[in-house]
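Where a number appears in this text, it was derived from the coordinates with a stated rule and is not lab data. Since the model is a prediction, treat every value here as computed from it, not as a measurement. Here the Cβ positions follow ideal geometry from the backbone for every residue, glycine too, while neighbour counts run over all protein chains shown.
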Amino acid sequence: MKPILFLILLMAVSCSTGKTVTGKERTAIVADHKSYGEYDQMFHINRAIQQQEEATIYLLNGKKISPEKFRKQLSRKNTYSMEEITAPGLIRTRGYDADVVKRIISISR
């Protein structure tokens, strides 16, 4: 009975001293309200950008392309004509569901 009581007492003391079994001190994670607020704001901004990109269709000369390919095409020195469609009626006339697709960006040479 004494060894069990001794082990329980030893575990309780080691947990309250802030040291682990290896003897190293635990480091507490310090997060103030300001840093948490900035992280939370950046998370929401990134999520909004992701949702906007998911609801956008990118077209090059009438063919659907990926956002990465769209950015590559814009970075080239070629001259493009760009059209952005956000009206639900015009999105439907292009053959897309206006509830899912919120924007169509079309570039052509």
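What full-extension length gain, to one decimal in nm, is calculated for ALA55 and TYR36 as 0.36 nm per residue of separation minus the Cα-Cα distance? List each step's numbers first, then the result.
Numbers: separation 19, 0.36 × 19 = 6.84 nm, distance 2.87 nm.
Gain on extension, ALA55 to TYR36, equals 4.0 nm.
Here the dipole of the range 39-109 is about 480 debye; that uses its Cα centre as origin and unit charges on the Cβ of Lys and Arg (positive) and Asp and Glu (negative). Approximating the spin labels as points 7 Å out from Cα along Cα→Cβ, the LYS64-to-THR86 distance works out to 2.3 nm.
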